[in-house]
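Visitor: Supplied in structure tokens, the structure appears directly below.
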Amino acid sequence: MKIKECCTVESQECIAKGIYSMWISTKVIAKEAKAGQFISLFSKDGSRLLPRPISLCEIDREGGRLRIVYRVAGAGTEEFSHLKAGDEVDILGPLGNGFPIEEGKGKRVMLMGGGIGVPPMLELAKGIHAIYPDMKITAVLGYRDSSTFLVEDMKKYARVVIATDDGSLGVHGNVIDAIKQENIEAGVFYACGPAPMLRGLKMYAEDKGTEAQISLEEKMAC
């Protein structure tokens, strides 16, 4: 069930270069949302007709709050980066299918996030840990350089392996390079990130005969 709701910004901060973390207070959407889903934020500028889709980083159902972590990539996200506590924003959600957490039951789980595909992995790690506290979770996170984000948050729930394109931190290369170098094995993969990364994971999972749940982040006027 998706709902359009006028929500209130609780807080916002810049957590890395061009990366912002915002907590939003909602009356309904937070209670309905699950890991892997997203919301669409509407601009107050009438010339920007389409809302901007942003994945959910954390869900506080009891407190009625959502956390989004996003990169400023255009006029719409630039507008959102100036919102402050007490400001109102219209959002539509929850949208998307989300991740089927039960698929990982009894298996070693690997979470893969590339760039702005990292944020939805945090709520997924929290959700898996809450249901299966003894499950071994490895999160392989890919960044452009050493300007990382959400690493310490993720370490609360998973072993973290970092890959950077320029080799300034962790494994030099992408997340697939990190998996191979660290010899990481899992019974199920969950992933979100740029298309080349996801294509690489698909081929890797097929070669290993491992189940993979992939979140495709694409803008669609629907």
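The values are calculated or read from the model by the stated rules, or taken from the named source; none is laboratory data. Everything numeric here is computed off the predicted structure, so don't read it as measured data. Every residue, glycine as well, gets a Cβ built from its backbone with ideal geometry; the counts of neighbours run over all protein chains shown. Accessible surface areas use protein heavy atoms only, side chains included; no ligands, DNA or RNA. Shrake-Rupley method; radii C 1.70, N 1.55, O 1.52, S 1.80 Å.
Visitor: Of all the residues that make up the stretch 77-114, how many are buried (at least 19 other Cβ atoms within 10 Å of the Cβ), out of contact with any Asp or Glu (no Cβ under 6 Å at 6 or more places or on another chain) and not hydrophobic (A, V, I, L, M, F, W, C)?
Guide: Looking only at that region, the number is 6.
Visitor: Select from the stretch 1-10 the residues that are open to solvent by 70 Å² or more (accessible area, probe 1.4 Å) and in a strand (DSSP E or B) and write down the one among them that is nearest to V151 (Cα to Cα). It would help to see each step written out before you state the result.
Guide: Step one: list which residues in the stretch 1-10 are open to solvent by 70 Å² or more (accessible area, probe 1.4 Å), which gives 1-2, 4, 6, 10.
Filter again for in a strand (DSSP E or B), leaving 4, 6, 10.
Details: K4: 31, C6: 31, E10: 22 Å.
By that ranking, first place goes to E10.
Visitor: OK, next. Hey, does the stretch 106-114 have a residue that's over 19 Å from I162 (Cα atoms), modelled with pLDDT of 95 or more, in contact with a helix residue (DSSP H, G or I) (Cβ under 6 Å, 6 or more places away or on another chain) and not hydrophobic (A, V, I, L, M, F, W, C)?
Guide: There is no residue in the stretch 106-114 that is over 19 Å from I162 (Cα atoms), modelled with pLDDT of 95 or more, in contact with a helix residue (DSSP H, G or I) (Cβ under 6 Å, 6 or more places away or on another chain) and not hydrophobic (A, V, I, L, M, F, W, C).
Visitor: Okay, moving on. Considering only residues that are small (G, A, S) and surrounded by fewer than 14 Cβ atoms within 10 Å (Cβ to Cβ), which ones fall in the stretch 24-51?
Guide: Scanning the stretch 24-51 gives G46, S47.
Visitor: Hey, among A191, A186, which residue is surrounded by 21 or more Cβ atoms within 10 Å (Cβ to Cβ) and modelled with pLDDT under 95?
Guide: When all the criteria are applied, what remains is A186.
Visitor: Another question about this same structure. On the given criteria, is E152 open to solvent by 30 Å² or more (accessible area, probe 1.4 Å), at pLDDT 95 or above and assigned to a helix (DSSP H, G or I)?
Guide: yes
Visitor: Give me a count of the residues in the stretch 46-103 that are in a strand (DSSP E or B) and either in contact (Cβ under 8 Å) with a residue 60 or more places away in the chain or of a type in the set (G, A, S) (or both).
Guide: 15
Visitor: Might you check whether a residue that is of a type outside the set (A, V, I, L, M, F, W, C), out of contact with any strand residue (DSSP E or B) (no Cβ under 7 Å at 6 or more places or on another chain), open to solvent by less than 50 Å² (accessible area, probe 1.4 Å) and without any contact (Cβ under 8 Å) to a residue 40 or more places away in the chain occurs anywhere in the stretch 202-212?
Guide: There is at least one residue in the stretch 202-212 that is of a type outside the set (A, V, I, L, M, F, W, C), out of contact with any strand residue (DSSP E or B) (no Cβ under 7 Å at 6 or more places or on another chain), open to solvent by less than 50 Å² (accessible area, probe 1.4 Å) and without any contact (Cβ under 8 Å) to a residue 40 or more places away in the chain.
Visitor: Going through the stretch 11-23 one residue at a time, which ones are farther than 13 Å from S55 by Cα and open to solvent by less than 80 Å² (accessible area, probe 1.4 Å)? If you could, list the steps in order and put the result at the bottom.
Guide: Our first condition is that a residue be farther than 13 Å from S55 by Cα; within the stretch 11-23, this holds for 11-19.
Within the stretch 11-23, S11, Q12, C14, I15, A16, G18, I19 qualify.
Visitor: Still on this model: Take the stretch 65-79 and flag every residue that is out of contact with any strand residue (DSSP E or B) (no Cβ under 6 Å at 6 or more places or on another chain), more than 22 Å from C192 (Cα to Cα) and at pLDDT 95 or above.
Guide: E78, E79
Visitor: Moving on to the next point. Hey, among the residues in the stretch 133-155 that are touching a residue at least 24 places away in the same chain (Cβ under 8 Å) and of a type in the set (D, E, K, R), which one's nearest to V69 (Cα to Cα)?
Guide: D153
Visitor: Output the qualifying pairs, or none if there are none: Cβ atoms under 9 angstrom, residues six or more apart or on different chains, first residue in the stretch 4-16 and free of Cβ contacts under 8 Å to residues at least 24 places away in the same chain, second residue part of a strand (DSSP E or B).
Guide: Every condition considered, the pairs that remain are E13/Y20; E13/S21; E13/M22.
Visitor: Mind checking which residues of the stretch 155-174 are open to solvent by 80 Å² or more (accessible area, probe 1.4 Å), more than 18 Å from A16 (Cβ to Cβ) and touching a strand residue (DSSP E or B) at 6+ places or on another chain (Cβ under 8 Å)?
Guide: R159, H172 - these are the residues of the stretch 155-174 that are open to solvent by 80 Å² or more (accessible area, probe 1.4 Å), more than 18 Å from A16 (Cβ to Cβ) and touching a strand residue (DSSP E or B) at 6+ places or on another chain (Cβ under 8 Å).
Visitor: What single numbered condition from (1) buried (at least 17 other Cβ atoms within 10 Å of the Cβ); (2) within 25 Å of D60 (Cβ to Cβ); (3) more than 15 Å from the chain's Cα centre (by Cα) fails to hold for I131?
Guide: (1)
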